[in-house]
Amino acid sequence: MNKPLNIAIAGLGTVGAGTLKVLRRNAGLIEARCGRKINVIAVSSRDKGKDRGVDVSGMKWVSSASDLVKMPEVDLVVETIGGVDGVARSLVESALNAGKHVVTANKALIAHHGLELAKIAEKSGAMLAYEAAVAGGVPIIKGLREGLAANRFHKVAGILNGTCNFILTSMWNKHQDFATVLAEAQRIGYAEADPAFDIDGIDTAHKLAIITSLAYGCLLNIDAVYVEGIRNISILDMEFADQLGYVIKLLGISTHTSEGVLQRVHPCMVAKMSTIGRVSDAYNAVIVEGDAVGQVTFEGKGAGEGATASSVVGDIIDIARGGIYKPFTIPVAALEKLPVATMDSLKASYYVRLAVVDKPGVLAAITSIFRDEGISMCSFLQNSRKPDETVQVVITTHETLELSMRNALKSIAALGSVIEPPHMIRIENL
Ligand code: NDP
Ligand code: HSE
């Protein structure tokens, strides 16, 4: 039997404590699968007295996480503290510099500093593994890096945030309001420390930027991601979506075309019975399109203790078996700098909801703006007039240029008979 792998865990919250539980519960199986023992020899968190649902008495408690790197017997550091900078970043940097392997669930860190950290790992020969950073328990990183490594990819898309999918599903299925469902997602441990990262689409952007880099072999570019969150999604839009045969999902979509790489995060309408449309609650699904394999869908729980710990422990097992890869598969120096395609160049179908005064000529004014922008309408819905004579008008379009749609919405918003800013949701055929 090989010598045990000694690990230290920094951050004993949802993911860190979950990791300890899985390592303990499945210790025998894990040892058999990697041919060596995994020993957790030290842990670090802020509050030593906190009940974490797991016994930490047999491990060294280190009050300053950075001291874990100074322990010569530690082979691997698990970073489950979180945050783009601060303790998490300095811990990971110093561990890699010291030649210690790092397993992290921290997508914000990888999205912003992944390339610099990968360079350190490449130099020191340590592994920087981050399966848990994208889509919780879904093995999308390994899928892209290993099983599908033969492919040239041109599209990666999916539901990448469990909290948002949980919120959108519960708002529609259980008629719960946004704040109630968000509080439940926080209680279960799905949400980020600052849930604005989830609901404003930032967490999805972090994950999309990571898998975009892996899929296309290009430099990670978080600044190039177009981001809209789900704060403006209303039950009214969900009702109209339902009438049209759609559900609303927050998607991260990345495409690699001759115009460049377009990374976008925004709410989308997708067919109710489509692969993505059927994914509910905190589940994530990622669809990748490879030139050899065609379309492959990865689906599973995208957030929460068990699912995320499954990915963290999977990475630990990989390293215990000797699986040391370039963190971005290709050496950082060889990653391509691909051109960035703009949102204006997107061709999509659109749902537009307008609150209008119900009087003659209003629709003619709206449709003439669409005509002038070369936008072809696909369907039209109108609900009954309210006592104040306003109605909701819903138009869906055939595929058109985003730039034309934006111009049209600007002109429509300026019409005196349109009494709220237009509500626009893109329709995706996934
Ligand atoms: P939690 O807030 O539950 O846990 C964070 C932990 O870090 C806490 O135990 C906290 O200590 C500890 N901590 C904070 N500051 C320090 C410090 N200076 N030194 C040592 N420990 C510290 O977060 P999660 O477990 O949910 O998330 C952790 C990471 O995993 C984040 O990067 C997150 O994005 C990522 N992630 C989370 C998922 C989820 O479903 N929750 C899924 C995938 C990734 P204490 O408990 O003592 O206060
Ligand atoms: N807050 C994240 C989510 C955790 O809800 O998806 C998993 O990355």
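Do you know which residues across the stretch 200-254 are among the small types (Gly, Ala, Ser), buried (at least 23 other Cβ atoms within 10 Å of the Cβ) and in a loop (DSSP other than H, G, I, E, B)? Correct list: 201 only.
So, in the stretch 118-157, how many residues would count as being at positive phi and open to solvent by less than 10 Å² (accessible area, probe 1.4 Å)? Give the steps one after another, and end with the answer.
Narrowing the stretch 118-157 to residues at positive phi: 125, 135-136.
Those left that are additionally open to solvent by less than 10 Å² (accessible area, probe 1.4 Å): 135-136.
Result for the stretch 118-157: 2.
Taking the stretch 168-199 as the range and being within 15 Å of ligand 1 (Cβ to nearest atom), among the charged types (D, E, K, R) and outside any helix (DSSP H, G or I) as the test, the residues that pass are 192, 194.
Considering 352, 313, 270, which residue is within 16 Å of ligand 1 (Cβ to nearest atom), over 20 Å from residue 111 (Cα atoms) and at pLDDT 95 or above? Of the residues listed, the single one that is within 16 Å of ligand 1 (Cβ to nearest atom), over 20 Å from residue 111 (Cα atoms) and at pLDDT 95 or above is 313.
Can you confirm whether residue 239 is in contact with an Asp or Glu (Cβ under 9 Å, 6 or more places away or on another chain), farther than 22 Å from residue 105 by Cβ and modelled with pLDDT of 95 or more?
Working: in contact with an Asp or Glu (Cβ under 9 Å, 6 or more places away or on another chain): no; farther than 22 Å from residue 105 by Cβ: yes; modelled with pLDDT of 95 or more: yes.
In short, no.
Every residue, every condition in (1) in contact (Cβ under 8 Å) with a residue 12 or more places away in the chain; (2) more than 15 Å from the chain's Cα centre (by Cα), yes or no:
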residue: 167; (1), (2): yes, no
residue: 170; (1), (2): yes, yes
residue: 174; (1), (2): no, yes
residue: 180; (1), (2): no, yes
residue: 192; (1), (2): yes, no
residue: 197; (1), (2): yes, no
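Restricting 100, 48, 70, 37 to those that are away from ligand 2 (no atom under 16 Å from the Cβ), in contact with a Leu (Cβ under 9 Å, 6 or more places away or on another chain) and open to solvent by 60 Å² or more (accessible area, probe 1.4 Å) reduces the list to 37.
When the stretch 163-201 is limited to residues that are among the β-branched types (Val, Ile, Thr) and touching a helix residue (DSSP H, G or I) at 6+ places or on another chain (Cβ under 7 Å), the one that is farthest from ligand 2 (Cβ to nearest atom) turns out to be 181.
Quick check: anything in the stretch 330-348 open to solvent by less than 20 Å² (accessible area, probe 1.4 Å), assigned to a strand (DSSP E or B) and not basic (Lys, Arg)? Checking the stretch 330-348: at least one residue is open to solvent by less than 20 Å² (accessible area, probe 1.4 Å), assigned to a strand (DSSP E or B) and not basic (Lys, Arg).
Looking only at residues in the stretch 411-429 that are more than 30 Å from the chain's Cα centre (by Cα) and not small (Gly, Ala, Ser), the one that is farthest from residue 228 (Cα to Cα) is 415.
The values are calculated or read from the model by the stated rules, or taken from the named source; none is laboratory data. Note that the coordinates shown come from a computational prediction; the quantities given were computed from them, not determined experimentally. Please note: Cβ atoms are built from the backbone with ideal geometry, for glycine as well, and neighbour counts cover all protein chains shown. In case anyone asks, the SASA skips ligands and DNA or RNA and just uses the protein heavy atoms, side chains included. Shrake-Rupley method; radii C 1.70, N 1.55, O 1.52, S 1.80 Å.
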